[in-house]
Number of protein chains: 2
Amino acid sequence: MPDIPRPPSDRATVRRLAKRGVYDQATIYAILDQSLYCHVGFVDQNQPFVIPTIHARVGGQLVLHGSRASRMLACLAAGAPACITATILDGLVLARSTFHHSMNYRSVVVLGRATEITADAEKSAALEALVERVVPGRAAEARPANPQELQATAVVAFPLDECSAKVRAGPPADDADDLTLPVWAGVLPLSLVCGEPLPDPHLPPGTPVPRYIREYRRV
Amino acid sequence: MPDIPRPPSDRATVRRLAKRGVYDQATIYAILDQSLYCHVGFVDQNQPFVIPTIHARVGGQLVLHGSRASRMLACLAAGAPACITATILDGLVLARSTFHHSMNYRSVVVLGRATEITADAEKSAALEALVERVVPGRAAEARPANPQELQATAVVAFPLDECSAKVRAGPPADDADDLTLPVWAGVLPLSLVCGEPLPDPHLPPGTPVPRYIREYRRV
């Protein structure tokens, strides 16, 4: 019988509703790969900050980037303890009691300290991964970063060795006594859906929309 | 001429791309009210944690809740410094250069320390606000929290006096030299869309789906 993956550390263990904790690499990687952005937590002068940004998983590392001038990148590049959380909302869970209302979601929490990526080739590859991860196909078409842009950008990588996922799926979990209440219960699914692409006003009229945009979907 | 709202504090000032910083109450409140969930940052044993949860704005306060047994609620109720960030993703911004790729989004960052709400009536009102905020109309129908559930739940409130919004909207901002590159550029709008409601398996067949579910929309 295969072992059930265990939490990598005490502090990376899901505490509340521990049955929702998931520690297998495939689940964790899939959530990181599907979520379009994450929230990064770091501490500056005893105050935690939580900032939305994009991420890309490159093998067993999670790559973030930003302006070299940003406080967040300065903190992360200095190796400060950080937490990166990516969350995908899948639906609203409507129970018969307010207490059991919930959401269906998949989230990953990554704890750790970053290492700055300083070599130009590795930085360029990470930036390409960031673009490609959000819009597959785009990196081959857009102009890559030039030396000045590369210089202005800081890239950091977190090892994915202290992380956990938390997943809720399925119908509401009402108390048995509540099942006969005359209240509709169920799940209202939610997903991130694309609208029609809006061409840039500077684009020559008739410029075709690339296939990777026309057919863009989040799985 | 009306004053432009100013940042409430140095640490709540948007630093990177400061022109995206917005400090007027109406914008901040609208983002908090529309976002379905937030990410809460707090520090435990020098390690920041970022946890997704739901929030409700009640006047000039932001209310969070959770199990009394949770580490997050214990930290928040003890008045630890926290950061609550709510982010709404509006689209992918595809520039001609990878450097100017971006996202259209609206986010709010709230800094502060919470106060626990302990009085039962005030707690019940806050829990009702949380349900009603996510699904307007639901609180009138679902069974309210009973004394045991109320006891097991901790509710905290943050003042909304140290917060800021950051907003990006509109087309890509390419460098002038890049405008003639033969690359499609523009915005791919994204929004959170409902699927068909999934009735709970325990629901008697034919139970009608309430109008507030059938017509559920995020503005």
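Every number in this text was worked out from the coordinates using simple rules, so none of it is lab data. Only a predicted model underlies this, so the values are computations on that prediction, with no experimental measurement involved. Virtual Cβ from ideal backbone geometry, glycine too; neighbours counted across all protein chains shown.
Restricting the stretch A:171-188 to residues that are more than 7 Å from every other protein chain (Cβ to nearest Cβ) and in a loop (DSSP other than H, G, I, E, B) leaves a set whose member that is nearest to B:Ala185 (Cα to Cα) is A:Ala173.
Across the stretch B:194-219, the number of residues qualifying as among the aromatic types (Phe, Trp, Tyr) and either in contact with an Asp or Glu (Cβ under 9 Å, 6 or more places away or on another chain) or in a helix (DSSP H, G or I) (or both) comes to 1. Selection within the stretch A:36-53: residues that are under 9 Å from the mean Cα position of the chain (by Cα) and surrounded by fewer than 20 Cβ atoms within 10 Å (Cβ to Cβ). The member of this set that is farthest from the other protein chains (Cβ to nearest Cβ) is A:Thr53.
Residue count for the stretch B:148-169 under the criterion of being free of Cβ contacts under 8 Å to residues at least 12 places away in the same chain and either of a type outside the set (S, T, N, Q) or touching a Gly at 6+ places or on another chain (Cβ under 7 Å) (or both): the result is 1. Among the residues of the stretch B:118-170, those that are under 16 Å from A:Ser97 (Cα atoms), among the hydrophobic types (A, V, I, L, M, F, W, C), in a helix (DSSP H, G or I) and more than 10 Å from chain A (Cβ to nearest Cβ) comprise B:Ala125, B:Ala126, B:Ala129. Within this structure, A:Arg20 fails the test of being over 29 Å from A:Val131 (Cβ atoms), free of Cβ contacts under 8 Å to residues at least 12 places away in the same chain and of a type in the set (Lys, Arg). Given the structure, is A:Glu132 within 19 Å of the chain's Cα centre (by Cα) and in contact (Cβ under 8 Å) with a residue 12 or more places away in the chain? In short, yes. The numbered conditions (1) touching a residue at least 24 places away in the same chain (Cβ under 8 Å); (2) over 14 Å from A:Ala142 (Cβ atoms); (3) touching an Asp or Glu at 6+ places or on another chain (Cβ under 8 Å); (4) not in a strand (DSSP E or B) are all true for B:Ser191 except (4). Only one entry of B:Arg96, B:Arg71 meets the criterion of being within 13 Å of chain A (Cβ to nearest Cβ), farther than 30 Å from A:Arg11 by Cα and not acidic (Asp, Glu), and that entry is B:Arg96. One residue stands out in the stretch A:15-26 among those that are of a type outside the set (Gly, Ala, Ser) and over 20 Å from A:Val63 (Cβ atoms): the one that is surrounded by the fewest Cβ atoms within 10 Å (Cβ to Cβ), namely A:Lys19. Closer than 29 Å to B:Tyr37 by Cβ, in contact with a His (Cβ under 8 Å, 6 or more places away or on another chain) and in contact (Cβ under 8 Å) with a residue 60 or more places away in the chain - does that describe any residue in the stretch A:180-188? So far as the stretch A:180-188 goes, yes, one or more of its residues are closer than 29 Å to B:Tyr37 by Cβ, in contact with a His (Cβ under 8 Å, 6 or more places away or on another chain) and in contact (Cβ under 8 Å) with a residue 60 or more places away in the chain. Given the structure, is A:Glu196 under 30 Å from B:Arg217 (Cβ atoms), exposed (fewer than 15 other Cβ atoms within 10 Å of the Cβ) and either of a type outside the set (Asp, Glu) or touching a strand residue (DSSP E or B) at 6+ places or on another chain (Cβ under 8 Å) (or both)? Judged against the criteria, A:Glu196 is a match. Test A:Ala142 against the criterion of being over 30 Å from B:Glu128 (Cβ atoms), of a type outside the set (S, T, N, Q) and more than 20 Å from the chain's Cα centre (by Cα), and give yes or no. Spelling it out, A:Ala142 is indeed over 30 Å from B:Glu128 (Cβ atoms), of a type outside the set (S, T, N, Q) and more than 20 Å from the chain's Cα centre (by Cα).
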